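Coordinate-derived values only; no laboratory data. Model, not experiment: these values are computed from the prediction. Neighbour counts are summed over all protein chains in view; Cβ atoms, including those assigned to glycine, are modelled from backbone coordinates with ideal geometry.
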């Protein structure tokens, strides 16, 4: 939530950020064991699961707090898909912030690995200078209760493709340039760009 709040003496104003850490993805050696741990030891709920390929779990306030992803069977530490952090996600306020982050990353020469529409939200994936995987996340649905309902429903389409669909990077960059020129863009999820 963006805003400000008076703290202590009224001469200090704290600005709430336009972004926050929202979830983490973990590569795990035993998906069933990890699900049991987080649900039994921490009281989390399985929100969605696809035949041993992944599970999303939550404390119930959002569609997922942790994405559990099976690690590669023969991976050594530091190898792709080794046990450990898969990525952490930074949630931005809206599509315009999402576009702004994409443009800034691109202009800074950061190698964006992929941009995916995960249905509940969109993610921009890239690595920090130490090789940690980072996702900039934007919710697609208008409210968290709606996202939770969607996030717990398994469909045949989701079962077949639980990751999501690539986002048109050229359109994202076009939207960014449109914004930087001071023109309004729409939600971006249906081509309603206004120039």
Rel. contact order, % - alpha carbon contacts under 8 angstrom, at least six apart, region 19-180: 23 percent
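Report the extension gain between residue 76 and residue 125 in nm, rounded to one decimal, defined as 0.36 nm multiplied by the number of residues separating them, less their alpha carbon distance.
Numbers: separation 49, 0.36 × 49 = 17.64 nm, distance 2.25 nm.
That works out to 15.4 nm of additional length.
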Kindly work out what percent of the DSSP beta bridges joining two residues of region 19-180 are antiparallel, to the nearest 5. 75 percent
Starting from the Cα gyration tensor of region 107-180, multiply each eigenvalue by 5, take the square root, and state the resulting semi-axes largest first in whole Å. 25, 16, 12
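Would you mind getting me the FRET efficiency between residue 104 and residue 40? Use the beta-carbon distance for r and R0 = 35 Å, nearest 0.05.
According to the calculation, E is roughly 0.25.
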Considering the alpha-carbon set of region 38-195 alone, what are its Rg and its Dmax in angstrom? 16.8, 52
Sorted by Cβ density within 10 Å, fewest first, the residues 23, 63: 23, 63
Please give the length that would be gained between residue 141 and residue 32 if that part of the chain were fully extended, namely 0.36 nm times their separation in residues minus their C-alpha to C-alpha distance (nm, one decimal). 36.3 nm
